[in-house]
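The values are calculated or read from the model by the stated rules, or taken from the named source; none is laboratory data. This is a predicted model, so every value here is computed, not measured. Cβ placement follows ideal geometry from the backbone for every residue including glycine, while neighbour counts extend to all protein chains displayed. Surface areas here come from the heavy atoms of the whole protein model, side chains and all, with no ligands, DNA or RNA. Shrake-Rupley method; radii C 1.70, N 1.55, O 1.52, S 1.80 Å.
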Amino acid sequence: MNNDFFEQQVLEYLKGNLSLQEVTDFESLIANDNSKQQPFNEIKTIWELTKTEKLETPDDSLREGFYNMLSMHTLEEKSKPKTFFQSVSIFFNNILQHKPAGQLAMLTVVVLISGYIGFQLNSNASGQNEIVLNQEVEKLNQEVASLQLKSASASDRIQAVNNLNSSNLKEESIIKNLINKLLYDDNMHVRMAAGKSLTLFKNHLQVKTAILKAVQLEKELLVKATLIDALIEIDREAALEEIYRIYESENTSPEMKALYKEIVETKSI
Amino acid sequence: MNLSDEFMMQKVKEGEVERLALLFERYHLELYNFFLKFSRDKDLSSDLTQNVFYRIIKYKNSYKSHKKFRTWMYMIARNTRIDAFKKNKISFNSENIESLKNFKSDEVLEMEEQESSALLKKALSLMNFEKRELIIMSFYLEMPTSEIAKVLEISENNTRVRFHRALTELKSIYNKISKL
């Protein structure tokens, strides 16, 4: 047994990865071969020393940073409609986990899907909208990332460098662009992403004003709910006032009132 | 209920990114300590750990469900470390053994109870990054050779040879500084 293999054998022994027979053989080798005892003891000593080291704990900023990042991505993911091919891919993946019954089901589904593909190819307009939407969301991400580059936190900066390919926008420009998208973009998903991204700049007065205005203008219930959520994060009191103002208005539809009621209840405000 | 790393990552890939929280809770401490072994900078290690999870989301579509999540994660961690060190121009500290003559009086004597452990830490810090990562993966992370080979994207034979060189160097440095 050469040195390389012997060292691996020692480590596997120390890790407890050997079978009973292998352990017996290995211990017998160590006991009977003097040339193996020293290298064995050296590795064992290093192994034991590494086990005495205690793991160090990071401060809370790591967890906080991770969960902030995750909430942004979760929102982005939920506002992104799945493409037809993504849905098919997930479907097949789930089916393949249940062989062989899944394979039979798959065969049936392939026939149905073939017909559906034809339909999809004839209506590529929605696909194009989706591409535009994805580009918009990506652009928003870049804009947010460009600000993170100037952040005091190195974590934000590293993250931003990864996300940002080409953007030299200043903070004011980013906010202006985000507000512009929030108020005037035709696509509800872009407006929703812009609203959520603006919460990163909650100390800017113009952000609160813009979100308040957007809440008043917004027609889509889902976006309205997201914006109210964002407003609660920025200024709880202002959000409360706004909710009651809209709730009292004669123009507010019954389903809108139901939505506000739900928000007030779930947020306990 | 399937709570395996691979199942969770597959769900993340399918769009349920919130499931990454469980993987974060499982691995952030281990990753943070992995980075600390390359740099004693706690802020940097914390940033790099978060960056690994950011990259996991960014590159989620490249994850293959039949692959072990931990191996894939350490491939990302390794690249994250290399990119960050290159960008911040953090290079291997080539401080030589002779320049450590004051090491024993300055550090080790203050930690008599943990002298050997402190010596090992010091010896590890004197190794170059490539050899150091092999020792970390083998001893601290307890990865089998096959897994290390996948992380480093080299053959198992090559991994064994490199590990032998790394271990020889570690023992040599350890012996030298313990005689100072």
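Looking at B:MET137, is it within 13 Å of A:LEU11 (Cα to Cα), more than 9 Å from chain A (Cβ to nearest Cβ), within 13 Å of the chain's Cα centre (by Cα) and not in a loop (DSSP other than H, G, I, E, B)? Reasoning before the result, please.
Working: within 13 Å of A:LEU11 (Cα to Cα): yes; more than 9 Å from chain A (Cβ to nearest Cβ): yes; within 13 Å of the chain's Cα centre (by Cα): yes; not in a loop (DSSP other than H, G, I, E, B): yes.
Spelling it out, B:MET137 is indeed within 13 Å of A:LEU11 (Cα to Cα), more than 9 Å from chain A (Cβ to nearest Cβ), within 13 Å of the chain's Cα centre (by Cα) and not in a loop (DSSP other than H, G, I, E, B).
Kindly provide the set of residues from region A:14-48 that are without any contact (Cβ under 8 Å) to a residue 12 or more places away in the chain, within 12 Å of chain B (Cβ to nearest Cβ) and either open to solvent by 60 Å² or more (accessible area, probe 1.4 Å) or under 38 Å from the mean Cα position of the chain (by Cα) (or both), ordered by number.
A:LYS15, A:GLY16, A:ASN17, A:GLN38, A:ASN41, A:THR45, A:GLU48
Scan region B:154-180 for residues that are over 18 Å from the mean Cα position of the chain (by Cα) and of a type in the set (S, T, N, Q) and jot them down. Talk me through it step by step, then tell me what you get.
Within region B:154-180, the first condition is being over 18 Å from the mean Cα position of the chain (by Cα), and the residues that meet it are B:155-158, B:161, B:168, B:171-180.
If the condition is that a residue be over 18 Å from the mean Cα position of the chain (by Cα) and of a type in the set (S, T, N, Q), then B:SER155, B:ASN157, B:ASN158, B:THR168, B:SER172, B:ASN175, B:SER178 are the ones that fit.
Examine region B:76-85 for a residue that is open to solvent by less than 10 Å² (accessible area, probe 1.4 Å), under 17 Å from B:TYR140 (Cβ atoms), at the interface with chain A (Cβ under 9 Å from one of its Cβ atoms) and not in a loop (DSSP other than H, G, I, E, B), and state whether such a residue exists.
No, region B:76-85 has no match at all.
Are any residues in region B:56-68 touching a residue at least 24 places away in the same chain (Cβ under 8 Å), at the interface with chain A (Cβ under 10 Å from one of its Cβ atoms) and either surrounded by fewer than 18 Cβ atoms within 10 Å (Cβ to Cβ) or in contact with a Cys (Cβ under 8 Å, 6 or more places away or on another chain) (or both), and if so, which ones?
Hits for region B:56-68 are B:ASN61, B:SER65.
Regarding A:VAL111, is this residue modelled with pLDDT under 75 and away from every other protein chain (no Cβ under 14 Å)?
Values: modelled with pLDDT under 75: yes; away from every other protein chain (no Cβ under 14 Å): yes.
Considered against the rule, which asks whether it is modelled with pLDDT under 75 and away from every other protein chain (no Cβ under 14 Å), A:VAL111 comes out as yes.
From the set of residues in region A:49-70 that are of a type in the set (Asp, Glu) and facing chain B (nearest Cβ under 9 Å), which is farthest from B:VAL52 (Cα to Cα)? First the steps, then the outcome.
Taking region A:49-70 as the starting set, the residues that turn out to be of a type in the set (Asp, Glu) are A:53, A:56, A:59-60, A:64.
Keeping just the survivors that are facing chain B (nearest Cβ under 9 Å) gives A:53, A:56, A:59.
Details: A:GLU53: 24, A:GLU56: 18, A:ASP59: 17 Å.
Once the filter is applied, the top-ranked residue is A:GLU53.
Can you name the residue in region B:36-54 that is closer than 15 Å to B:GLU133 by Cα and among the hydrophobic types (A, V, I, L, M, F, W, C) and, of all such residues, is nearest to the other protein chains (Cβ to nearest Cβ)?
B:LEU36
Which one is modelled with the highest pLDDT among residues in region B:123-153 that are farther than 20 Å from B:GLU30 by Cα and open to solvent by 40 Å² or more (accessible area, probe 1.4 Å)?
Taking region B:123-153 and keeping what is farther than 20 Å from B:GLU30 by Cα, we get B:123, B:126-128, B:153.
Restricting the remaining residues to those that are open to solvent by 40 Å² or more (accessible area, probe 1.4 Å) gives B:128, B:153.
On the way: B:ASN128: 90, B:GLU153: 94.
Once the filter is applied, the top-ranked residue is B:GLU153.
For region B:14-51, give me each residue that is part of a helix (DSSP H, G or I), among the charged types (D, E, K, R), farther than 21 Å from B:ILE148 by Cα and open to solvent by 60 Å² or more (accessible area, probe 1.4 Å).
Narrowing region B:14-51 to residues part of a helix (DSSP H, G or I): B:17-36, B:42-51.
Okay, now just the ones that are also among the charged types (D, E, K, R), so B:18-19, B:25-26, B:30, B:42-43, B:47.
Next, only the ones that are farther than 21 Å from B:ILE148 by Cα stay: B:18-19, B:25, B:42-43, B:47.
Correct list: B:GLU18, B:ARG19, B:GLU25, B:LYS42, B:ASP43.
Do any residues in region B:147-169 that are in contact (Cβ under 8 Å) with a residue 60 or more places away in the chain and part of a helix (DSSP H, G or I) have Cβ atoms under 7 Å from those of residues that are aliphatic (A, V, I, L, M) and open to solvent by less than 30 Å² (accessible area, probe 1.4 Å), where the two are at least six apart or on different chains, and which pairs are they?
B:VAL151/B:MET137
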